[in-house]
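FYI, it's all coordinate maths here, none of it is from the lab. Since the structure is predicted, the reported quantities are computational estimates derived from the model, not experimental observations. Cβ placement follows ideal geometry from the backbone for every residue including glycine, while neighbour counts extend to all protein chains displayed.
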Amino acid sequence: MRFISFTPDSALHLPRYGVLDVDGQAVLELSNHPTLPGDLLGFIAAGPPALVEAAEAVASSALASHPLRDITLLPPLPRPNSLRDFYAFEQHVATAHANRGRAVPPEWYEIPVFYFSNPFSAYGPEAAVPRPRYTNTLDYELEVAAIIGTAGRDLQPENALEHIFGFTIFNDWSARDIQRKEMKVGLGPAKGKDFASSFGPAIVTPDELTAFATGRPGVYNLAMVARVNGEVTARGNWADIHFDFGQLLARASDEVMLYPGDIIGSGTVGTGCLLETTRGQGPWLEPGDVVELEIEQLGILSNTII
């Protein structure tokens, strides 16, 4: 199933949630189902029985249907519990280091590394994303993210998929000038990242992706494309990831609990940002630019810079 969160119009309302219909043109609302949780985070935490009940409700054709043109889409998980972002695509890592005149550190191959980002600054599909006043080097990053469905600690890579509710597109917006200063100090990225993260348009459950499985946990043979103002600026494939999602979840859960609603980002696919494709020289994103990130089977995440 493909889960989205929405409001019935552009006004501020409590988020509702539901699943896209088979044509992808309407959402079947689950928020007002009499026996299901009223929000998507609660639904995710309710586990497999809620998924079964939701599937039965969809099959019954008894749910309210809202055409997509009549609703405002929100981030599919409007307020994640936490947001960890990894650095798992080798091509992106190698290019980023080459731009700085150095090789990939051997430690990168030893352990998957991540940083914590800001779960309170989530933007959804079609949302306007403000360029922070403190940067002139705004960049996008084309990533995939996993949403934790079942809590767990010290997870084993081969069992990780059992703890993933679904996947979505992730744009890890970056203020490169601020990030560069932070990294020179030896901490971060922090302020260079925490102003915005975009997710969407939907959370797609793993059963929808079975035909594209590679045999590695949480890795699928699916094309990834970025466009700026309609021009293709990046191409990659999810299957190119060096550390699979099993390894990422094992690292993230080492000695700590992961909880339903936690988000795990993959890091940027190779060529998936302006830092790579322009060798750090720009041009960078400006107000009015439209950034579209597309992952096969997951949809298109589009945002306009303001």
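Going by the alpha-carbon gyration tensor, a ≥ b ≥ c the square roots of its eigenvalues, is region 2-74 rounded (a/c under 1.5) or, if a/c is not under 1.5, prolate (a/b greater than b/c) versus oblate? Oblate is the answer for region 2-74, as a/c is 1.5 or above yet b/c matches or exceeds a/b. Work the Kirkwood hydrodynamic radius out for the chain: mean of 1/r over every pair of different alpha-carbon atoms, inverted, in Å. It works out to 19.6 Å. Model label sites at ASN229 and ASP177, defined 7 Å from Cα along the beta-carbon direction, differ in position by 2.0 nm.
Per-residue 3J(HN,Hα) values for region 218-226, derived from phi via the Karplus relation 6.51 cos²θ - 1.76 cosθ + 1.60 with θ = phi - 60°, read x, 10, 10, 7, 9, 5, 10, 9, 10 Hz in sequence order (x marks Gly and Pro). Projecting the Cα atoms of ILE203, VAL104, PHE245 onto the charge dipole of region 82-305 (Cβ charges, centred on the Cα centre) puts VAL104 farthest toward the positive pole.
Overall, region 160-208 carries a charge dipole of about 540 debye about its Cα centre when +1 sits on the Cβ of Lys and Arg and -1 on the Cβ of Asp and Glu, all other atoms neutral. Modelled this way, with points 7 Å down the Cα-to-C-beta line, the labels at TYR259 and ARG216 are 3.1 nm from one another.
Helix 176-185 axis versus longest C-alpha principal axis of the chain: approximately 70°, rounded to the nearest ten. Summing Lys and Arg as +1 and Asp and Glu as -1 over all other residues whose Cβ lies under 9 Å from the Cβ of GLU143 gives a net charge of -3.
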